[in-house]
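Remarks on the structure that follows.
Taken together, the values in this text are just the output of simple stated rules run on the coordinates, not laboratory data. These figures come from a predicted structure and were not determined experimentally. Every residue, glycine as well, gets a Cβ built from its backbone with ideal geometry; the counts of neighbours run over all protein chains shown.
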Amino acid sequence: MADFLVRALLGGLGVAAIAGPLGAFVVWRRMAYFGDTLAHSALLGIAIGILFDINLNLAVVICCVVLALLLVSMQRRRIIATDTLLGIMAHSALSLGLVAISFFPNVRVDLMSYLFGDLLAISREDLWWIYGGGLVVMLVLIKTWDWLLAFTINEDLARVEGVPVNFVHLLLMLLVATVIAIAMKIVGVLLITSLLIIPAATARRVSNTPERMAATASLLGMVSVCLGLLASYQWDTPAGPSVVVAAALLFSISHLLPNRQ
Amino acid sequence: MNTTPLISLDKLNLHLNNRHIIQDVSFTIEENQITTLIGPNGSGKSTLVRLLLGLQRPDSGTISNRSDLRIGYMPQKLHIEPTLPLTVERFMKLAAGSRRSEIEEALAQVRVGHLLKNPMQQLSGGESQRVMLARSLLRKPQLLVLDEPVQGVDVTGQIELYELISRIRDKYRCAVFMVSHDLHLVMASTDKVICLNHHICCSGHPEKVSNDPSFTALFGAKGTANLALYSHKHNHQHDTHGDVIVDQPCKDHDHG
């Protein structure tokens, strides 16, 4: 197999594995729109990275984290309804990113690859980001799993029982931001949320505990990556969207199976 | 036995949206005592519970807990997203450091042991309240805080739940602070009643509160008549209320 295909497979599998449990939280806490907003802001991160000549992966992580913090603080102050706020932030950040990139006539930026991902162009360095970042996220998740779960079930109850709710809320946002930043390479800004929520939604059909749903979501995401890459190799379709189509197919198939709660 | 109160609230005040929700509220919760908070809708009952639990900060006033106070809390309603697969067992396990045997014992205590493997979302109102009650027991609380524990439960179920709460108090020797709409149902199983309408209108022994003019003013004569009827049943036949009580049913039953 060609080197670039091996790297694509490794990168895709790494991202899918970590997107599983985070995707489950995105589904449970109805954060899909929040994820979308962060993803859209990733493009702004690229522009900032080019402008200040810093590592693009790092710039995207920083941009997502800053936006997540901004969102949390604005949400707390209840300036406007959350979905309106997210809508404003998502499209402003995306447009700002597009406008900013247009200011660099000398730098050729492959917009398509950022918007829809370029799985086949994953470099050795990208793999380090995916596995390094993924490992950190996974460790934090394991360490704080019960807190995150208690917080998701009922905030007041969690607080009375001694869970540091504000910290956990922030932590979850930061984890999602990190995963989005590292997943961008695979499926691109516009499709990241799908990699988070579709496998998780599929996993719901066959899971009776939160842990099983998270693990199944990882597994289904990894299967989608394999299927998507295979299709891409076979029929020369774009890799990122092929992965998403595979995930959506699995979701549809799961709905043909009898429901098992 | 330690005689300092579990919690004492001193001159609490809170404004929300320019409304003076809580006005100069002071009281204490003593060990092993059942306190019931009653009041009309919008009188600040739930807000007071939030203050008591430290979920909301007062504008002024102080709340002091006895050191290392363990509180078991049962929220008014537990909405769990249908997308979150959660069995009763997993929900119980989430309470810090509980073993299988303890979980089973707590569930059996509130008579829902058979629900261990059921998804939380499929429980009825009463079952869900009992599971939450069992879960709060896992923390071996010194104080149980129950926000409208019988909400969404039919009347027979309500009486059962209140009896259960009394039994739990006796068995676990914990204090209980609960919010209720209906004094007539809780009267038998409560030691102290606090009647709230932003400020404390009256408080004390349930009999005393039900005869208090400010209580009558708040709940109207009809509400008090119900109470009188209830306490009458549980007192000696020749009560001072006797005349009123005997009269009323006769008016309704001309044929009798």
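Based on Cβ point charges of +1 for Lys and Arg and -1 for Asp and Glu, what charge dipole magnitude is obtained for the protein assembly as shown about its Cα centre, in debye rounded to the nearest 20?
Numbers: 42 positive and 41 negative charges, 158 e Å.
In debye, rounded to 20, the protein assembly as shown gives about 760.
Averaging 1/r across all pairs of distinct Cα atoms in the protein assembly as shown and inverting the result yields a Kirkwood radius of 26.3 Å. In the stretch B:180-215, which residues have a backbone nitrogen under 20 Å from the label point lying 7 Å from residue B:167's Cα in the Cα-to-Cβ direction? Counting backbone N atoms under 20 Å from the label point, the list is B:185-191.
Per-residue ellipticity at 222 nm from helix content only, as computed over chain A with -39500 (n - 2.57) for each DSSP H run of at least four residues, stands at -27000 deg cm²/dmol. An ellipsoid equivalent to the stretch A:37-123, defined through the eigenvalues of its Cα gyration tensor, has semi-axes of 25, 13, 12 Å when rounded to whole angstrom and sorted largest first.
Report the equivalent ellipsoid semi-axes for the stretch B:164-209 in whole Å, largest first, defined as the square roots of five times the eigenvalues of the gyration tensor built from alpha carbon atoms. Can you show the working numbers first?
Details: eigenvalues 87, 24, 19 Å².
Taking √(5λ) for each eigenvalue gives 21, 11, 10 Å, largest first.
Rg/Rh for the stretch A:167-211: what does it come to with C-alpha atoms and Rh from Kirkwood? Show your work: numbers first, answer last.
On the way: Rg = 12.5 Å, Rh = 11.9 Å.
Computed over Cα atoms, the ratio is 1.05.
Spin-label model, residue B:77/residue A:135: points 7 Å from Cα along the beta carbon direction are separated by 4.7 nm. Couplings 3J(HN,Hα) for the stretch A:247-254, derived from phi with the Karplus relation 6.51 cos²θ - 1.76 cosθ + 1.60 (θ = phi - 60°), are 4, 5, 4, 4, 4, 4, 4, 4 Hz, where x marks Gly and Pro. Modelled label positions at residue A:33 and residue A:76, each set 7 Å beyond Cα in the direction of Cβ, lie 2.2 nm from each other.
Mind scanning A:143/B:77; A:143/B:93; B:45/B:208; B:45/B:117; B:45/B:171; B:45/B:93 and naming the pairs with a C-alpha gap bigger than 24 Å?
Working: A:143/B:77 29 Å; A:143/B:93 16 Å; B:45/B:208 20 Å; B:45/B:117 34 Å; B:45/B:171 27 Å; B:45/B:93 30 Å.
Where the Cα-Cα span goes over 24 Å, the pairs concerned are A:143/B:77; B:45/B:117; B:45/B:171; B:45/B:93.
Normalised by the number of residues in chain A, the average gap of Cα pairs under 8 Å and 6 or more apart makes the relative contact order 33 percent. In terms of overall dimensions, the stretch A:91-226 has a Cα radius of gyration and Dmax of 17.7, 56 angstrom. Computed over the alpha-carbon pairs of the stretch A:3-190, the distance histogram in 10 Å steps reads 9, 36, 35, 16, 4, 0 percent, short to long. Evaluating 6.51 cos²θ - 1.76 cosθ + 1.60 at θ = phi - 60° for every residue in the stretch A:177-189, the Karplus couplings come out as 4, 5, 5, 4, 4, 7, 7, 4, 4, 7, 10, x, 3 Hz, glycine and proline recorded as x. Taking amide H as placed 1.01 Å from N in the peptide plane, the amide H of residue B:201 sits under 5 Å from that of B:195, B:196, each at least 5 places away or on another chain.
Under conditions of 37 °C and 0.692 mPa s, the stretch B:98-147 yields 294 µm² s⁻¹ as its translational diffusion coefficient, taking Rh as the Kirkwood radius over Cα pairs in the Stokes-Einstein equation. In this calculation the C-beta distance from residue B:17 to residue A:54 is compared with R0 = 45 Å, giving a FRET efficiency of 0.50. For residue B:22, the residues 5 or more places off, or on other chains, whose built amide H falls under 5 Å of its own are B:14. For the stretch A:222-235, putting each phi into the Karplus relation 6.51 cos²θ - 1.76 cosθ + 1.60 with θ = phi - 60° gives couplings of 5, 4, 4, 4, 4, 4, x, 5, 4, 4, 4, 5, 6, 10 Hz, in residue order, rounded to whole numbers and with x for Gly and Pro.
Shielding by partners for peptide A:151-158, expressed as the average number of C-beta atoms from other protein chains within 10 Å of each residue's C-beta, is 6.
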